[in-house]
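In what follows, a structure is listed as structure tokens, so that the remarks can point back to it.
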């Protein structure tokens, strides 16, 4: 099935997400007159999501994937079947707000070098708080650790207007990711083998390596429930966070950095694992060990992925959004747990 969308396709991946569609889809659909087509991708749900969409939202296009092979596979499969200038990857547990779409769309139209962007993401349950998965935009530190404005590791800030500027990022949240369709496919799209977690960072890293910008647009706001499919703090999430962080570096770092950084990160992961064990968290310890052995056991596959990712790198990759310090050092040793304490200003978007 091929779907030809308007200028923009808002693509909502759903697994047993009927309860979220009941809450959030009416406003998404009512806002579609701003210039987008809504596509719900049913990722082999076992509830009646598909029939609910057909009955209650006839204007929504429905794609059904017969076997659930994870978040990344669901989107990767669906986006091969959708023709559009832009995609918005919107998770089912996101609540949009009135007027959310136009600022993002206008930013993309004004700057052809802007490959992808995200809105401000707040927590659905604590409405003034930034949300874990994206907050006010994503960055990478010198050791390859990812963090956000408004959320460094497990500390969530309240939104007091401190991040109301449009800036360049290193990565944008996959929960509400506005991306150029042609560039998405040019750099290879989402990597299905990530399964879940960090697949959007991998995509953004390839777009940055290809010389493009990733942006944060403060005047658009959405709310995220979070943890609705894989709960925060679960062993499954911990596994993919540790495994996929190693894959990220292997695929996208230049060789000179990779040769020292990857072994160093493995050592740091080992320290983190034994710290978990010292706290009596045996399952978490074993999960980190399992993540590493999974990475080693699939090394030949990941090296093939690296070969593909390295082909998109241009002579002057876009390095904006990289913090030259260590976020781990700042957090644990200097006790600097909010973005403003880093004394580092990201580059503003010229829109």
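Listing for the model above:
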| item | result |
| --- | --- |
| Nearest-ten-degree value, helix 235-252 long axis tilted from longest Cα axis of the chain | 80 |
| Rel. contact order, % - alpha carbon contacts under 8 angstrom, at least six apart, the range 199-271 | 29 |
| Stokes-Einstein D (µm²/s) once Rh is taken as the Kirkwood radius of the range 97-241 over alpha-carbon pairs, at 4 °C in 1.567 mPa s | 84 |
| Efficiency of FRET from Cβ geometry, residue 332 and residue 182, R₀ 41 Å, rounded to 0.05 | 0.45 |
| Mean shadow area of the range 33-192, taken as a quarter of the surface of its Cα convex hull (nm²) | 10.9 |
| Extension gain, residue 47 back to residue 262 (0.36 nm per residue minus Cα-Cα distance, nm) | 73.2 nm |
| Folded to 0 to 90 degrees: helix 282-297 orientation relative to the chain principal axis, Cα | 90 |
| The range 112-188 and the range 249-271: distance between their alpha carbon centers, rounded to Å | 24 |
| Shape category assigned to the range 284-334 from the gyration tensor of Cα positions, a/c cut at 1.5 | oblate |
| For the range 82-149, fraction of C-alpha pairs farther apart than 15 Å, in % | 64 |
| Estimated inter-spin distance, residue 153 and residue 278, nm [label 7 Å along Cα→Cβ] | 1.3 |
| Quotient of Cα Rg and 2.2 N^0.38 Å for the range 221-351, N being how many residues it contains | 1.24 |
| Percentage of interatomic Cα-Cα distances in the range 155-199 larger than 13 Å | 72 |
| For the range 1-80: rounded, prolate or oblate by the Cα gyration tensor [a/c cutoff 1.5] | oblate |
| On Cα atoms only, tilt of 255-278 relative to the major axis of the chain in degrees | 90 |
| Contact order relative to length of the chain, as percent, for alpha carbon pairs under 8 angstrom and 6 or more apart | 19 |
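Read the figures in this text as sums done on the coordinates, not as results from a lab. Computed from a predicted model, the values in this text were never measured in an experiment. Counting neighbours? That spans all protein chains shown, and the Cβs are built from the backbone with ideal geometry, glycine included.
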